[in-house]
Structures are given as C-alpha cells and as structure tokens.
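Some notes on the structure that comes next.
Please treat every number below as a calculation from the coordinates, not as lab data. Quick caveat, the model's predicted, so the values are computed rather than measured. Every residue, glycine as well, gets a Cβ built from its backbone with ideal geometry; the counts of neighbours run over all protein chains shown.
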Amino acid sequence: MAILRCNKCTHLQEQADELIGATLACPRCANPTAVYPTLFFVGRVLEKYFDAQREIVRLKATVSANPAVSPATPAPAPPDAVDLSNTKHLTSERQHQPIAEWFDRKQIGVQVETDAVDTTGFFDEVAVSIGRNLPVLKEVLDRIRWAQQKGYSSTVIGFDGKSPEDVRTISSFCQQLYDFSFVAKAIPNRQKNNLLLALQTAAAVRHFFNGEWLEWFALMTCLEYARERNKRFSCARKLGLTLSNDDRYELDVFLLIDGQLPIVIECKSGEFRSDIDKYVALRKRLGLSGRNVVLCVAGLSDEHARGLSAMYDLSFVSESGLLAHLGSLF
C-alpha cells in the first residue's frame, strides 16, 4: 500500500499502489498532498528518527561534560516592585531568550511577538474579570460577539429573571468595559430593566471579545501563580513555531518555569474538537507529557474535562480549573 501524509494537518492514510506519485486533496483539510511509496515514506521517518537519536546523544554528552550548565538559562525574576498587570517588563528580549533557546535545542524555529505580553493596556484586567465570573458574564460576551458579527453598533443586556447579585456583577462589569473604553457607552434603563452597550469597532477590541480574552486570562493566571511560588519564568503569547517539515503553529500561551518546565496552553472559547488531533501531534513533536499541553476550554464542565483528558494524552481544563492544574505541575 502507498501512503498519503498531509503536511498541513498531519493526516495519515493508506492509498492504493496505483496512486503513487499522484497529488490528492487531503480527506481532512483538502490540502493538496502527494502519495508516496511505503518504503520511501518509512525511509524518511527512519532518517528523522536516527537524526533525533544522534541529537539526544550529543546533548547528553554536552551536559555530562559540563553538568553545571542547565538545559536552559532561567529568565531573571521580575522585581517584586513590578506590577505584572501593568508592565512592559515582560516584552524584553532577555525575558523571551530562554524560550528561544528551548525551541532551538529541538530544532524548531520560533517567532516571538514581544508586544503580545505588554500588560500596560487593560486587556489583562478585563480578561481576569471575565474568567473569574464567566457563568454570570457569558451572556454579555455572547451578545457583544453576536452584535459584532452582525455589524450592529450596540446590544442590550436584559436583567429580567436575574438575581440582584448577578445584576450587580453584570452592571459592574459593563461599567468596567466603559471605564476602559471597551465599549463606547453603557446606559442603564431602569424602566425596561436592561442596559445598552454601544460597541467599539477597533480590531483589537473585536479580537478580544472573539476569544483573545481567554489567552490573557490564562497568561495572567500562570504569572500570578508562578510569582506566588517564587518561580522564575519566561512567557509568551502568540508564539509562532516552524517545524522542520515547514508545518507552522501558533501557541496561544507558552511558559517556561525555572528554565526547564515547559507549559503549552491553547485557549478555546468556541469549538475545539476539530483541533484535538493537531495538538496531539504537536505534543509528540515537542516531546512533552500530556500534562504539559493544556487545552483551556471556556465553560467546560469538570466531568467533561476529566473524560477528554482520559481519552487523549492532553490536559483539558476550564478557565476555573486551570489554577488547580497548574498546582499539579509546579
């Protein structure tokens, strides 16, 4: 049998021998994909395997010759005076250098977007508010996102049927959105028992409500947890990877704790099931345990998260379960 292997989505499938040399549409993603003879494909796999084995031997020899050298130089700890929710300290090349070194040893190209961890704006503060109150605030997010997709300039948040405590939480959050200019207006209407939000059209705000809030929430949760435990860390958002076969990935959040504990967090505020195979393949390529590759899915129940984690060698958590999982890692 011949083999079809898609370089875009890594789908692997047997094909009839008469299709050797043909280019077919990948059954999963429709990417044009060549069909190879089985022996050719196995030969290429073995080449990569033995190259990896030689690299492991080289790295072990290097460490044995100089045991004082750690696998990666930990980033300097941010000064205690640095407010992690309001700093450019994390955007420095020095802060990102241990991450670049870690991927370089795995022969993976890395593209760092340093400004993606600039917390001097208000994205992180609003994201933390959402993540800590998602069951109550989800309707607000959904209505804003729906209005943005439809091209509407405003949306209305109704209070009928909600408890006084939930109304206070929603009203306070909407006021925060207005104070930080995530919305242009927040106008309560006591007669109709609702609140009008006039929306902003800036791309950054649209992307935030479309899911980037969860990336900010995951990042800040990790940084605060690491600082509380006096851990050194390097962190990145929107980290671009280029693998040896030219496959490309973008990691939502990546952390390197004390220069040696990598944590990959992929954030999903919507559909996630179609991406599971992709992250399983990435975990294998990075040589990580499933505990270190986390799919943080907004609103996922604990029972559902446990079931998915048992099915796949990945860690599924909700925004409320992320902190507990970090506690199991460091």
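Check LYS185, LYS192 and return the single one that is of a type in the set (Lys, Arg), touching a strand residue (DSSP E or B) at 6+ places or on another chain (Cβ under 7 Å) and outside any helix (DSSP H, G or I).
LYS185
Among the residues here, GLU228 does not qualify as within 23 Å of ASP124 (Cβ to Cβ) and under 12 Å from the mean Cα position of the chain (by Cα). Output the residues belonging to the stretch 109-131 that are in contact (Cβ under 8 Å) with a residue 60 or more places away in the chain and surrounded by fewer than 17 Cβ atoms within 10 Å (Cβ to Cβ). The answer is GLY109, GLN111, GLU113. Please go through the stretch 189-213 and pick out each residue that is farther than 21 Å from THR91 by Cβ and either under 20 Å from the mean Cα position of the chain (by Cα) or polar (S, T, N, Q) (or both). Passing the criteria: ASN189, GLN191, ASN193, ASN194, GLN200, THR201, ARG206, PHE209, ASN210, GLY211.
What's the total number of residues in the stretch 90-134 that are assigned to a helix (DSSP H, G or I) and within 30 Å of ARG285 (Cα to Cα)?
Our first condition is that a residue be assigned to a helix (DSSP H, G or I); within the stretch 90-134, this holds for 90-91, 93-105, 114-117, 123-132, 134.
If we keep only those that are within 30 Å of ARG285 (Cα to Cα) too, we end up with 90-91, 93-105, 114-117.
Matching residues across the stretch 90-134 total 19.
Quickly run through the stretch 2-38 and pick out the residues that are outside any strand (DSSP E or B) and under 22 Å from LYS278 (Cα atoms). Steps first, please.
The first filter runs over the stretch 2-38 and keeps only residues outside any strand (DSSP E or B), leaving 6-11, 16-22, 26-31, 37-38.
Of everything in the stretch 2-38, those that are outside any strand (DSSP E or B) and under 22 Å from LYS278 (Cα atoms) turn out to be CYS6, ASN7, LYS8, CYS9, THR10, HIS11, CYS26, PRO27, ARG28, CYS29, ALA30, ASN31.
No other residue among SER234, SER269, SER244 is of a type in the set (Gly, Ala, Ser) and in contact with a Pro (Cβ under 8 Å, 6 or more places away or on another chain) apart from SER234. If you go through the stretch 236-249 one residue at a time, do you hit one that is touching a Gly at 6+ places or on another chain (Cβ under 8 Å), of a type in the set (S, T, N, Q) and either in a strand (DSSP E or B) or under 24 Å from LEU288 (Cα atoms) (or both)? Yes: one or more hits. If the condition is being charged (D, E, K, R), under 30 Å from PRO76 (Cα atoms) and either within 11 Å of the chain's Cα centre (by Cα) or crowded, with 17+ Cβ neighbours inside 10 Å (or both), then the stretch 259-284 contributes GLU266, ARG283.
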